[in-house]
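Okay, so here's the structure we're looking at.
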Amino acid sequence: MGECTRSQAERLGEAIRYRTVTLTSPHPAEEPGYAAFAGFLAFIRRAFRRAAAELRWEQIGELALLLTWEAAPAAAPPAARASASASAPASPPAPATALLFYAHFDVVPPGDESAWSHGAFAGDVAEGCIWGRGALDDKNCLMGIMEAVETLLAEGTRPPATLYLAFGGDEETTGFFGARKIAETLASRGVRLACVLDEGSFISDGIFSFVKRPIAMIGVAEKGFANVEVIVRGTPGHSSMPGRGTTAGALGAIVAEIERRRFPARLTPAAEGFIQSIAPHVPGLRGLGLRLLRPLWPLVRAGLTANPRVDALLRTTQAVTIMHAGERENVLPAEARAVINLRLLPGDSAQTALRRIDRIARRAVPRQFSLEVRLLPGATASDPVPETRPAEDLWTLIGDAVLAAEPRAIISPFLVIAYTDSRKFASIADSIVRLHPVLLTSDEVGRIHGVDERISLDNYDRMISFYAHLMRGAPGAGVPR
């Protein structure tokens, strides 16, 4: 791999300087911070002059931008030009061919900015990297997409299928004003997409220690999520007369029982596809066990789930993230509550998970306390997004684009365990692919939403190369598998 050009790096640095920290108001344009978002959207159009002149630009509300790049005209085959007889049966609808490239331009807060080696919004190009909040999540994807478009336009290239470039400004919260508005707009126009490409996974560099080659983890399915609130209520009083326990103690017992009784591990198609794709590259008995995954599942399951990264692919996970009880050291709390964050495996749902936790909690709570288990009020819950694999020609093109960017990579389907905005397009897309086309180590992954977020010049070049390769081929035809 080479490095991106200095001008490409500096444009990403300038994009980072817009402090587009996610807005939380239901009226984004009325927030003081909205000026950065408006400035960023204006900057994009200035920075990419060819795209501004040749693509159709639409700003949809305050936080959504939709660009349309029409396909190059194709000559109709002779059979299509011939006049059809009046009695000829109607042709079936043509398969969807349009592709949508999605990215978001809002970012999470930087935390303690004094802890950063370079300013969190300085956009410095230094030490072989571009630094700042958004360098890995997700302005790099947006800018990489636009750099690829600008490069192809300079070459005089037009894509063989219509491309939509869709950018939202509230992915880190709800996606309501960004991805959802764009999806609703396309649906109202009758648009059907062959594939949506979004962030979500990446090319792993040593994260799975038992595989020595990089793994391009191409997300073809996505976990859901929900937040469950467990509330224990009792009678308040003085701490000198606690009786037979406290709400805080009862909640602790419930939480301990919930954590002990994890959701069962099971194989989904996406997780099985991932394991089978890496199995030939794993040496020894472990590799043999992975190659014989189905027949040896009872034997290999414990070893797989011992690795937290693999375990998250094989079960609905539950993490107690909030616990609260009492305000004073000498008063028995009338109420104790905990919030459990769930990441739902395909096949589970927010409601089935809620019922399971409710059953466990009711068996563990002492009789003198009342119990309520519910989805956290005001929080969004979303069920898993089922697996959708692109048509064979498009899947091959995606793999080729990965290998052009990282020739050593193992191409693998993957279950994405995080939330992405791509799920907003599920009703109008034949398939969704979630891939951040960068090569990341564990340390680099930890910088996402963390201190010293940065992207190497090599990685940024990988991104631009990947997007350009995909846009040049963009077949988008055929029926999804």
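Against the definition (within 30 Å of Pro390 (Cα to Cα) and modelled with pLDDT under 95), how does Val211 come out, yes or no? Break it down stepwise before answering.
Values: within 30 Å of Pro390 (Cα to Cα): yes; modelled with pLDDT under 95: yes.
Considered against the rule, which asks whether it is within 30 Å of Pro390 (Cα to Cα) and modelled with pLDDT under 95, Val211 comes out as yes.
If you go through segment 185-200 one residue at a time, do you hit one that is at pLDDT below 95, assigned by TED's automatic domain parsing to the domain that holds Thr24 and either of a type outside the set (A, V, I, L, M) or out of contact with any Ser or Thr (no Cβ under 6 Å at 6 or more places or on another chain) (or both)?
Yes, segment 185-200 has at least one match.
With over 25 Å from His104 (Cα atoms) and either assigned by TED's automatic domain parsing to the domain that holds Met463 or crowded, with 21+ Cβ neighbours inside 10 Å (or both) as the only criterion, which of Arg423, Arg389, Arg408 stands out?
Exactly one of Arg423, Arg389, Arg408 is over 25 Å from His104 (Cα atoms) and either assigned by TED's automatic domain parsing to the domain that holds Met463 or crowded, with 21+ Cβ neighbours inside 10 Å (or both), namely Arg408.
Please work out which one of (1) touching a Ser or Thr at 6+ places or on another chain (Cβ under 6 Å); (2) more than 24 Å from Met471 (Cβ to Cβ) is the condition Glu30 fails and give its number.
(1)
For segment 1-30, name all the residues that are closer than 18 Å to Gly168 by Cβ and surrounded by 14 or more Cβ atoms within 10 Å (Cβ to Cβ).
We begin by selecting, within segment 1-30, every residue closer than 18 Å to Gly168 by Cβ; these are 15-16, 18-29.
Once the filter is applied, which keeps residues that are closer than 18 Å to Gly168 by Cβ and surrounded by 14 or more Cβ atoms within 10 Å (Cβ to Cβ), segment 1-30 yields Ala15, Ile16, Tyr18, Arg19, Thr20, Val21, Thr22, Leu23, Pro28, Ala29.
Quick check on segment 113-149: of everything there that is charged (D, E, K, R) and within 25 Å of the chain's Cα centre (by Cα), which residue is surrounded by the fewest Cβ atoms within 10 Å (Cβ to Cβ)?
Checking each candidate, the answer is Asp137.
Could you list, in sequence order, all residues of segment 265-303 that are within 21 Å of Ala221 (Cα to Cα) and in contact with a Phe, Trp or Tyr (Cβ under 6 Å, 6 or more places away or on another chain)?
Phe274
Among the residues of segment 358-380, is any within 18 Å of Phe274 (Cβ to Cβ), at pLDDT 95 or above and buried (at least 21 other Cβ atoms within 10 Å of the Cβ)?
no
Sort out which residues of segment 304-342 are of a type in the set (Ser, Thr, Tyr) and touching a Phe, Trp or Tyr at 6+ places or on another chain (Cβ under 7 Å), and write them in order of number.
Across segment 304-342, the qualifying residue is only Thr316.
Among what's in segment 282-340 and is in a loop (DSSP other than H, G, I, E, B), farther than 22 Å from Ile215 by Cβ and touching a residue at least 24 places away in the same chain (Cβ under 8 Å), pick the residue that is nearest to the chain's Cα centre (by Cα). Write out each step before concluding.
Restricting attention to segment 282-340, the residues satisfying the condition of being in a loop (DSSP other than H, G, I, E, B) are 282-283, 292-296, 306-307, 315-316, 326-330, 333-334.
So of that shortlist, the ones also farther than 22 Å from Ile215 by Cβ come out as 295, 316, 326-330, 333-334.
Going one step further and asking which of them are touching a residue at least 24 places away in the same chain (Cβ under 8 Å), we end up with 316, 326, 329-330, 333-334.
On the way: Thr316: 17, Gly326: 37, Glu329: 43, Asn330: 46, Pro333: 39, Ala334: 40 Å.
Within segment 282-340, the match that is nearest to the chain's Cα centre (by Cα) is Thr316.
Would you check if there is a residue in segment 255-277 being in the same structural domain as Arg356 (by TED's automatic domain parsing), over 29 Å from Gly206 (Cα atoms) and either assigned to a strand (DSSP E or B) or touching a Ser or Thr at 6+ places or on another chain (Cβ under 7 Å) (or both)?
no
Those residues that are in contact with a Lys or Arg (Cβ under 7 Å, 6 or more places away or on another chain) and not in a strand (DSSP E or B), I need them from segment 341-365; list them, please.
Those that are in contact with a Lys or Arg (Cβ under 7 Å, 6 or more places away or on another chain) and not in a strand (DSSP E or B): Leu345, Ile360.
Could you pull out the residue among Phe466, Phe414 that is in contact (Cβ under 8 Å) with a residue 40 or more places away in the chain, in contact with a strand residue (DSSP E or B) (Cβ under 8 Å, 6 or more places away or on another chain) and part of a helix (DSSP H, G or I)?
Unique residue meeting the criteria: Phe466.
Within segment 51-73, does at least one residue satisfy the condition of being farther than 28 Å from Gly156 by Cβ and at pLDDT below 90?
No, every residue in segment 51-73 fails to be farther than 28 Å from Gly156 by Cβ and at pLDDT below 90.
The values are calculated or read from the model by the stated rules, or taken from the named source; none is laboratory data. No experiment lies behind these values; they were computed from the predicted model shown. Using ideal geometry, Cβ is built from the backbone for each residue, glycine included, and neighbour counts are taken over all protein chains shown.
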